[in-house]
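A.B. asks: This is the structure I want to talk about, given as structure tokens.
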Amino acid sequence: MHLMRPVLRDYAWGTTRDIPELLGLPFTGQPVAEAWWGAHDSAPSHADSDHGDLTLDALIAEDPAQCLGQESADRWGARLPFLLKLLAIHKPLSIQVHPTLEQAREGFAAEQRGTGGAPHQFLDPFHKPEMVYALTPMTVLAGVRPLEALSADLALVRTPGSAALADALASGNLDDYITAALAGAADERTLAALARAGADAREGSNLAVAASALEHFPGDPGAMVALALNVVHLAPGEAVYTGAGVLHSYQSGLGIEVMANSDNVVRAGLTPKRVDVPLLLRLAHTEPCPAAHPEVTHAGAAVTLTTEAEEFALTVVTDGAAEVPPGPRIVLVVQGSALIDAGGETLELPRGQAVFVPHGRGSARVAVAGTAVVAHLRPAPV
């Protein structure tokens, strides 16, 4: 087993205390938005090994079959299929969408050939389905809400811009609405009216959440795109899944995120970064659809969350023990402590510590006084 050190991300939307507090790090007063445990090319974690300190991708490259299992190495190559993150959200993340695997491969190849248009839209040839599990109450935007409800909220904004957006929405195609919003219909007057309507709206409603996002990103027309999405309020222990093409944005809270090992993101607002409307609309599913939640399986002290994504699943162990089958696994203690027993080796982890348990260690027993999360491959159907 290999103790891991995460890579920290100082994105401006992060909180200043949550991640340092959980990981036992000093407070600097600067935002710490994410901690990554994984082997993504741009930010691989460090892992202790017999050869000293290595990045996790280098450790896996030394013996993919032992680290991942031969079946996984054949399926995904010498790369860890999943990435585990801790997110601490002070202000909304960008409204974004991720490509399918085929779209990612085609887009990345086109950019490598120099025929993909604007550079750096596809950072790798992989898709990025993802799941977030709430450690504190979280607010998430995920998927397109019913268009009649969106129309009703637009009627409360009452500006020429909102009327133009309502006209665009009358086509029944949200593509027209998004195009109009990002092309000027969500003007200064309309955004000011959205802020007023949101202040008068019920707390946690679509209008209130969109207005809150606008407060963090003054003048950003993406707030009108936010108004078009489902608001999901997660209690601790609940989760939401976003597959390819799903418009989404995490708004607030502290959570664990597990995803396929990719960093492909195309944005639709609430960001100073580049927004590519044509590419966004090519990738996005803009038909109304409720937010998706993982399948939840209980087994003693363990709760396992699975989705359609083969690359990952998450098992949460609380005040008890669980057996995690062979495969690549990352165990992170989020409260209390955990005792990990695998392949004849035993390791005790305090809060905030993580370990990579290779496939070659066989089944792992995770005994927890508190709570630990285990990222692993989706179990094969029984």
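The values are calculated or read from the model by the stated rules, or taken from the named source; none is laboratory data. All of these numbers come straight from a predicted model, not from anything done at the bench. Because the Cβ atoms are built from the backbone with ideal geometry, glycine has one as well, and the counts that use them run over all protein chains shown. With ligands, DNA and RNA removed, areas are computed over all heavy atoms of the protein, side chains included. Shrake-Rupley method; radii C 1.70, N 1.55, O 1.52, S 1.80 Å.
A.B. asks: Against the empirical 2.2 N^0.38 Å scaling, what ratio does the C-alpha Rg of segment 47-139 come to?
C.D. replies: Against the compact-globule rule of thumb, the ratio is 1.39.
A.B. asks: Spin-label point model (7 Å from Cα, Cβ direction): what's the Ala199 to Ala65 distance in nm?
C.D. replies: Output for this residue pair reads 6.7 nm.
A.B. asks: Another one. Helix 188-200: angle to the longest alpha-carbon principal axis of the chain, degrees 0 to 90, nearest 10?
C.D. replies: Here the helix axis deviates by roughly 70 degrees.
A.B. asks: Rolling a 1.4 angstrom probe over the protein heavy atoms, how many square angstrom per residue are accessible across the chain? The partial results should precede the final answer.
C.D. replies: Values: 15750 Å² over 382 residues.
So the chain comes to 41 Å² accessible per residue, rounded to a whole number.
A.B. asks: Grab the Cα-Cα distance for Gln112 and Glu188, subtract it from 0.36 nm times how many residues apart they are, and report the gain in nm with one decimal. Walk me through the numbers before you get to the answer.
C.D. replies: Numbers: separation 76, 0.36 × 76 = 27.36 nm, distance 3.89 nm.
Extra length available between Gln112 and Glu188 comes to 23.5 nm.
A.B. asks: What Kirkwood hydrodynamic radius, in Å, does segment 87-240 give when the mean of 1/r is taken over all pairs of distinct Cα atoms and then inverted?
C.D. replies: Numbers: mean 1/r = 0.0589 Å⁻¹.
Kirkwood hydrodynamic radius for segment 87-240: 17.0 Å.
A.B. asks: Ignoring any ligand, DNA or RNA, what whole percent of the accessible area of the chain comes from carbon and sulfur when the probe is 1.4 angstrom? Walk me through the numbers on the way to the answer.
C.D. replies: Values: 8210 of 15750 Å².
In the chain, the share of accessible area belonging to carbon and sulfur is 52 percent.
A.B. asks: With an 8 Å Cα cut-off and a minimum separation of 6 or more residues, compute the relative contact order for the chain in percent. Please list the in-between numbers first.
C.D. replies: Values: 974 pairs, mean separation 78.7, N = 382.
The normalised contact order for the chain reaches 21 percent.
A.B. asks: In the Gaussian network model of the chain, springs joining C-alpha atoms below 10 Å, which of Leu87, Leu270, Leu54 carries the largest mean-square fluctuation?
C.D. replies: Leu54
A.B. asks: Taking the dipole about the Cα centre of the chain, with the C-beta of Lys and Arg at +1 and of Asp and Glu at -1, give me whichever of Thr346, Cys67, His293 is farthest to the positive side.
C.D. replies: His293
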